[in-house]
Amino acid sequence: MLLRTLDEGEFKLLGKAAVSPLMNSNQRVVALYEYLKLYYPDFERAGMQEEEMFAHLFPEEKYNDYKLRRVLSALSRLVMDFLAYLESRREEEEMPLLLIRALGRRNLFALFEKHSMALLEELERSPYRDQAYYKRKTEVFSNYYFHPFTDKRTIASERLQELVHDLDYRYALEMYRLGNELRNRERIFSERYQLSGIDAMASQYGDGILSENAIFRTYRSLLNAFQDEDNPALFRELKHNFITHVGEMRKEDRNLLFQQLLNYVIRRINQGDSTYYGEALGLYKMGLESGMLVNNGRISEATFSNIVMVSCEEGDYNWAESFIRHYEAFLDEESREDTKAHCYSLWHYFQGQYDEASQILASHRFSGVFQPSSRMTAIRILFEQFFDDESYLGLLLSQVKAFEKFLSRDRYLSEDRKQLHKNTLALIRRIASAIARKGPLEEIGEWALAEIDSGQAFLLRNWLRKKMLQLSADTGKMPGVTR
């Protein structure tokens with residue numbers, strides 16, 4: 001429902017919009033607003049009492065669903081117009097350009113010219129030289145140049161050449177932003193895009209004026225890192241450019257580049273490079289301090305859990321616990337308890353407190369979307385306990401089987417994510433069964449490592465590799481599996 005998106009102040013302002021002839025002339029809509037105001041913010045209760053709502057709007061008439069729907073539709077149109085109005089108030093930078101266009105259409109040329117030149121001067125004083133800067137600058141000057149009353153003979157050729165360059169820079173920055181997003185999608189969704197124009201653009205502008213542009217240089221280093229992800233020097237260049245120039249970026253570019261930098265690091269971790277855990281933790285801390293991880297007062301449960309996992313991988317348990325306590329209020333209320341329970345189970349698990357972690361998982365009733373992650377954590381714990389005590393084999397295998405059955409019925413995970421879980425569960429079963437059959441530990445570790453590095457997709461790749469390296473290296477010494 002559109003009304004749910006309005007905070008208390010906005011909802012009150014909507015009442016003023018309802019009685020304003022500029023936005024609404026339907027008095028039934030005003031009456032409906034007054035009725036709904038009694039229930040704010042719990043509109044569910046109001047929505048369940050349609051006959052009462054109708055009686056409030058049409059006190060002398062018998063209930064008519066069609067009439068009620070028409071008033072509700074009118075209110076929806078008002079709310080959408082109101083949201084557009086609120087957005088226009090937030091986009092203050094657009095107001096001068098809108099005014100210039102209005103003056104130009106009405107042939108108020110003296111005012112049109114005055115405001116155009118003033119806006120161009122204001123843009124030059126701006127600290128940003130990003131896509132938004134070049135877009136606004138080219139729009140203002142093009143609009144001025146092509147106005148029928150503008151004397152083209154007074155425009156210096158240098159100014160027109162500057163316009164051409166500004167259009168090139170705007171296009172270059174737009175293409176780099178899009179190109180990096182598409183490179184990111186290639187890695188997430190296994191898609192392929194032809195970006196030959198971007199490669200040519202990098203060569204054309206790489207040593208020109210845009211090479212000194214902080215936004216361009218950072219996007220360019222991101223694209224270079226995407227093209228050769230195994231080269232740590234390219235990652236260091238990307239990270240340096242971002243951290244050095246983050247203060248020169250508007251929120252949109254800053255958040256986009258930060259998220260792609262974080263995606264890059266997480267992808268390296270998922271590919272088995274555990275050296276990037278520290279990089280991820282540093283980025284998460286930076287994102288929390290700067291607010292880049294908080295959107296509309298919320299942190300997603302996936303990001304929250306990843307922060308806890310990464311900090312625990314780095315052994316920063318005190319910071320992880322402090323993070324959970326201080327940031328749990330930023331979780332959506334519906335997922336808060338599930339997220340906290342899973343994170344505290346991870347926190348205990350990483351410290352080797354398996355019984356405490358298992359107790360949390362067993363005592364909390366996780367909702368559907370949290371079932372896969374909580375079940376996988378429980379199996380991870382049992383696999384660790386099996387390495388210390390082979391009597392856990394039966395319980396481990398039964399949990400693996402139960403999880404596989406759950407995956408066959410689950411409606412939340414995509415098929416690709418389901419396959420990741422199935423591959424991991426099958427490998428854990430094969431490893432545990434081979435160990436239980438008293439097979440040579442070194443051989444088990446070697447073939448399992450070959451499976452992990454075969455290119456097949458697995459969850460928890462770093463953890464599995466670490467366990468198998470331990471199995472191969474500590475043959476005859478590992479508790480519970482000695483020969």
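The values are calculated or read from the model by the stated rules, or taken from the named source; none is laboratory data. Bear in mind that the values here come from a model prediction, so they are computed numbers and not experimental data. Heads up, the Cβs are rebuilt from the backbone with ideal geometry, glycines too, and the neighbour counts pull from every protein chain shown.
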Single condition Ile215 does not satisfy, out of (1) surrounded by fewer than 19 Cβ atoms within 10 Å (Cβ to Cβ); (2) closer than 30 Å to Leu120 by Cβ; (3) of a type outside the set (Gly, Ala, Ser): (1)
Count - residues of the stretch 287-319 that are modelled with pLDDT of 95 or more, polar (S, T, N, Q) and loosely packed, with under 15 Cβ neighbours inside 10 Å: 1
Residue in the stretch 1-18 that is exposed (fewer than 15 other Cβ atoms within 10 Å of the Cβ), in contact with a Pro (Cβ under 8 Å, 6 or more places away or on another chain) and assigned to a helix (DSSP H, G or I) present: yes
Arg185 under 27 Å from Ser290 (Cβ atoms) and within 17 Å of the chain's Cα centre (by Cα): yes
Residue within the stretch 374-381 that is surrounded by 14 or more Cβ atoms within 10 Å (Cβ to Cβ) and more than 17 Å from His342 (Cβ to Cβ) present: no
Any hit, the stretch 66-86, residues being at pLDDT below 90 and surrounded by 11 or more Cβ atoms within 10 Å (Cβ to Cβ): yes
The listed residue being under 27 Å from the mean Cα position of the chain (by Cα) and under 23 Å from Glu94 (Cβ atoms), out of Arg177, Arg125: Arg177
Failed criterion for Thr244 (all others in (1) free of Cβ contacts under 8 Å to residues at least 40 places away in the same chain; (2) buried (at least 16 other Cβ atoms within 10 Å of the Cβ); (3) under 23 Å from Arg170 (Cα atoms) hold): (2)
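Quick one: in the stretch 97-111, of everything that is touching a Ser or Thr at 6+ places or on another chain (Cβ under 9 Å) and not small (Gly, Ala, Ser), which residue is farthest from His147 (Cα to Cα)? I'd like the intermediate steps shown before the answer.
We begin by selecting, within the stretch 97-111, every residue touching a Ser or Thr at 6+ places or on another chain (Cβ under 9 Å); these are 98, 100, 103-104, 109.
Applying the additional criterion that residues be not small (Gly, Ala, Ser) yields 98, 100, 103, 109.
Values: Leu98: 15, Ile100: 11, Leu103: 11, Phe109: 9 Å.
Applying the filter and picking the extreme gives Leu98.
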Single unsatisfied condition, Thr150 versus (1) more than 30 Å from the chain's Cα centre (by Cα); (2) closer than 20 Å to Asn255 by Cα; (3) not charged (D, E, K, R): (2)
Boolean, Ala378 is over 28 Å from the mean Cα position of the chain (by Cα), among the hydrophobic types (A, V, I, L, M, F, W, C) and part of a helix (DSSP H, G or I): no
Tyr205 vs. criteria modelled with pLDDT of 85 or more and not small (Gly, Ala, Ser): no
First in the stretch 136-153 and free of Cβ contacts under 8 Å to residues at least 24 places away in the same chain, second anywhere and of a type in the set (Asp, Glu) and surrounded by 16 or more Cβ atoms within 10 Å (Cβ to Cβ), Cβ under 6 Å, 6 or more apart: none
Subset of the stretch 45-65 that is free of Cβ contacts under 8 Å to residues at least 12 places away in the same chain, part of a helix (DSSP H, G or I) and of a type outside the set (A, V, I, L, M, F, W, C) - its residue that is surrounded by the most Cβ atoms within 10 Å (Cβ to Cβ): Glu52
Helices (runs of 4 or more DSSP H) completely within the stretch 263-335 that count 3 or more residues being among the hydroxyl-bearing types (Ser, Thr, Tyr), under 19 Å from the mean Cα position of the chain (by Cα) and more than 23 Å from Asn180 (Cα to Cα): none
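Say whether the condition of being more than 28 Å from Ile444 (Cα to Cα) and in contact with a Gly (Cβ under 8 Å, 6 or more places away or on another chain) is met by at least one residue in the stretch 380-389. Walk me through how you get there before you give the answer.
Keep residues of the stretch 380-389 that are more than 28 Å from Ile444 (Cα to Cα), which gives none.
No, the conditions are met nowhere in the stretch 380-389.
If you check Phe370, Phe330, which single one turns out to be outside the structural domain of Ala402 (by TED's automatic domain parsing) and either in contact with a helix residue (DSSP H, G or I) (Cβ under 8 Å, 6 or more places away or on another chain) or crowded, with 17+ Cβ neighbours inside 10 Å (or both)?
Values: Phe370 fails: outside the structural domain of Ala402 (by TED's automatic domain parsing).
Sole residue among the options that is outside the structural domain of Ala402 (by TED's automatic domain parsing) and either in contact with a helix residue (DSSP H, G or I) (Cβ under 8 Å, 6 or more places away or on another chain) or crowded, with 17+ Cβ neighbours inside 10 Å (or both): Phe330.
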Checklist (1) without any contact (Cβ under 8 Å) to a residue 12 or more places away in the chain; (2) surrounded by 14 or more Cβ atoms within 10 Å (Cβ to Cβ) applied to Arg437, failing item: (2)
